[in-house]
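Worksheet for the structure shown next.
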Amino acid sequence: MLSIKNLQARIGEKEILKGINLEVNAGEVHAIMGPNGSGKSTLASVLAGREDYEVTGGEVEFNGKNILELEPSDRAAEGIFLAFQYPVEIPGVSTINFMKTAVNKIRQYRGQSPLDAVAFLQLMKEKMKLVEIDQSLLSRSLNEGFSGGEKKRNEIFQMAMLEPKLSILDETDSGLDIDALKIVANGVNSLRSKNNATIVVTHYQRLLDYIVPDFVHVLYKGKIVKSGTKELAKELEAKGYDWIKNEVALA
Amino acid sequence: MTTATESILKQILESSTPAYFEAGNEGRKKALAQLSEIGLPTSKSEEYRFTPITKALEKKFTWTSSTPALSTISIDSFLPAIGDTHRIVFLNGRFSKNLSQLEGLEPNVVVSTFDAADSKTKSVIQSLLGTISKTGDAFAAMNSAFYLEGIFIHVPANTQVSKPILVLHLNDAQEKQVIAHTRLLVSIEKGSSLSIIEKSDSLGTEPCFHTFMEEMMVAENATLDYCKIQNDAGAVHQVSNTFIAQADSSRVNTFTLTLNGQIIRNNLNIQINGEQCESHFNGLYLVNGNTLVDNHTVVDHQKPNSFSNEMYKGIMDDQSKGVFNGKIYVRPHAQKTNAFQSNRNILMSENATINTKPQLEIWADDVKCSHGCTTGQLDEEALFYLQARGIPHASAKAMLLYAFALDVLSVVKNENLKAYLDQLISERLHKNF
């Protein structure tokens, strides 16, 4: 589904990704871990198409398409979803209106007719249950005055609405208490299927107790330096990142 | 005054119809003298520093030729879709009886040109005209000296005018320039209410220069809703001088929407002469190209215990220019005044500019006043967020701008009008920004 080959990117003069290789197949969950500043969020942002980053080399194919050429909105319409680490507050735009526009723009991109108000409302009600989010929250301005947990639940609600093929969760666990974390993880898990894939970007192992990965990769200094199974995440939790840093230094 | 300014003023003064200034027209004579004394504003005039209207008048207009009267024209495409209204139509600055629709007004409501009024009404007009419009503005003096036609609207006590009155100004600049000066005198008596929507449009691309003067008196416990729509893509140069005087417990809501034009200058002057008054005055300017829009507002709290709230927002693209100057006066007796002001702007291009200046002068000591102005760019992070959800760049941008602009409409109570303005704003942002 997703094939990243030797991806390099920088922000300003600073090289951040220095040759990432990663293959993600449908049905898989990949965790990307690593110490602060290793390039985890950059990778998530580059995949979603954030303009601040300049891709200086490598390829990213998504279902056979070179997505590096695509606008962020087209990537979303192709089925890539980024759950933001810091969801943006947008006064004056309600989540409902925003989602209605997003759903219908994506449908338009795919050559489908727009959902009418009734069908949209039905879809929304169904997805709201999944992340236990209240309609009154969705009628308010997008994320404005939301608690950290509400913002993250709103991200997962949006993910449920858009039914992406590839979801990238960028530090979704940051700022969540354990109850909110469980709700968010449940939402993500119930959206998993053999047709879609998930990349979980996280600093801590905690989230991976709830969203269990098939593969774990360690990103350090802009490269994936180690890959393994969920056991690797546990090892990192127990031993910290220093042993990885040492390994890299020795190699 | 520069020589050029002097010469154009001389031309303007000489272009006057002599009949205006014969005996009985003392008001016009006085205004003419005032205009010649004040002179036209130059780049050195504090109130017109950023608004080179005199230069435009010099360059683009000839003062020797008069603007022809226009017998009729199709106005349908200029009527706003706001449901049923009464209608006053001005063509090239002259009242058109044929195109106006004033049947079915509530009993004893008077809508009449100054000239056609009966003698009793004429004396009322005489007693009101110019009483609340003392100003040093050259274009107010010019209007007072040269207005072609004035309309008097009188709402007697305890009368709610159910349908809004639409005042439509249409100028035909297809073949030659138009110079027009029009005037509106409104008196709303105790416990009454009135809604006025003023819209100006032109045909063709020859230059138009139009001065407006509105004097509106809102008596005790009366309500005025006033909306001004400036969406004329012609070569339009406008100066409006709007004066509103409020008596005890009156309510005033004004909304000024500017979408188009060459140079648009709005002087809005609100005198709070009563206690327990409430005034909301909002404005929105969404401009691009070379449009210059300049809003100068004054709210003058002369009595205690009143509330005023002003919110102007602007989005400027291309080389457009915005000017905002908001004065709040709180006089020594006006204790317990609440006066708030905000002006927020988004610049969409490196060549767009905004000059914004709040001016608060407060002599009373027990008041709540605040002001704030911000100028920024579109929030890139928000833009990316919307795009990351599948909303293409142009739509995402329009969505954010619309969200930024929208709350100024809160002051518009008429649902039909609100829907029309909403549509106008949304279309504008989706098409042109």
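The values are calculated or read from the model by the stated rules, or taken from the named source; none is laboratory data. Quick caveat, the model's predicted, so the values are computed rather than measured. Quick reminder, even Gly has a Cβ in these numbers, built from the backbone with ideal geometry, and neighbours come from all protein chains shown. The area values use the complete protein model at the heavy-atom level, side chains included, leaving out ligands, DNA and RNA. Shrake-Rupley method; radii C 1.70, N 1.55, O 1.52, S 1.80 Å.
Here are the numbers:
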{"item": "Number of the condition not met by A:Ser94 [criteria: (1) modelled with pLDDT under 95; (2) facing another protein chain (nearest Cβ under 9 Å); (3) touching a strand residue (DSSP E or B) at 6+ places or on another chain (Cβ under 8 Å)]", "result": "(2)"}
{"item": "Residue within region B:406-418 that is within 14 Å of chain A (Cβ to nearest Cβ) and open to solvent by less than 40 Å² (accessible area, probe 1.4 Å) present", "result": "yes"}
{"item": "Selected residue [touching a Lys or Arg at 6+ places or on another chain (Cβ under 6 Å), charged (D, E, K, R) and within 13 Å of another protein chain (Cβ to nearest Cβ)] from B:Arg344, B:Arg389", "result": "B:Arg344"}
{"item": "In region A:102-113, residue farthest from the other protein chains (Cβ to nearest Cβ) [restricted to those that are under 13 Å from B:Gly390 (Cβ atoms) and surrounded by fewer than 16 Cβ atoms within 10 Å (Cβ to Cβ)]", "result": "A:Gln112"}
{"item": "Which numbered condition A:Leu207 fails, given (1) at pLDDT below 95; (2) part of a helix (DSSP H, G or I); (3) closer than 26 Å to B:Gln387 by Cα", "result": "(3)"}
{"item": "Within region B:239-272, tally of residues that are open to solvent by less than 10 Å² (accessible area, probe 1.4 Å), in contact with a helix residue (DSSP H, G or I) (Cβ under 9 Å, 6 or more places away or on another chain) and in a strand (DSSP E or B)", "result": "8"}
{"item": "Members of region A:164-188 found to be open to solvent by 20 Å² or more (accessible area, probe 1.4 Å) and modelled with pLDDT of 95 or more, listed by number", "result": "A:Lys165"}
{"item": "Residue count, region B:326-346 (criterion: outside any loop (DSSP other than H, G, I, E, B) and either in contact with a helix residue (DSSP H, G or I) (Cβ under 8 Å, 6 or more places away or on another chain) or open to solvent by 30 Å² or more (accessible area, probe 1.4 Å) (or both))", "result": "6"}
{"item": "Cβ-Cβ under 7 Å pairs, at least 6 apart or on other chains, region A:59-79 side within 13 Å of A:Leu166 (Cβ to Cβ), far side assigned to a loop (DSSP other than H, G, I, E, B) and among the small types (Gly, Ala, Ser)", "result": "A:Arg75/A:Gly49; A:Ala76/B:Ala388; A:Ala76/B:Gly390; A:Ala77/B:Gly390"}
{"item": "Residue within region B:362-379 that is within 14 Å of chain A (Cβ to nearest Cβ) and part of a strand (DSSP E or B) present", "result": "yes"}
{"item": "From B:Lys190, B:Lys176, residue being modelled with pLDDT of 95 or more, more than 20 Å from the chain's Cα centre (by Cα) and among the charged types (D, E, K, R)", "result": "B:Lys190"}
{"item": "Residue list for region B:202-231, filter: open to solvent by 10 Å² or more (accessible area, probe 1.4 Å) and outside any strand (DSSP E or B)", "result": "B:Gly204, B:Thr205, B:Glu206, B:Pro207, B:Ala219, B:Glu220, B:Asn221, B:Asn231"}
{"item": "Spans of strands (runs of 3 or more DSSP E) in region A:53-112 with at least 2 residues within 27 Å of A:Glu150 (Cα to Cα)", "result": "A:80-83, A:90-94"}
{"item": "Region A:131-147: number of residues that are open to solvent by less than 40 Å² (accessible area, probe 1.4 Å) and among the small types (Gly, Ala, Ser)", "result": "1"}
{"item": "Scan of region A:199-226 for residues that are touching a residue at least 60 places away in the same chain (Cβ under 8 Å), of a type in the set (Lys, Arg) and on the phi < 0 side of the Ramachandran plot, ordered by number", "result": "A:Lys223"}
{"item": "Leading residue by the ranking (farthest from A:Glu155 (Cα to Cα)) among those in region A:70-79 that are open to solvent by 10 Å² or more (accessible area, probe 1.4 Å) and more than 7 Å from chain B (Cβ to nearest Cβ)", "result": "A:Leu70"}
{"item": "Any hit, region A:27-46, residues being buried (at least 20 other Cβ atoms within 10 Å of the Cβ), assigned to a loop (DSSP other than H, G, I, E, B), within 14 Å of another protein chain (Cβ to nearest Cβ) and not small (Gly, Ala, Ser)", "result": "no"}
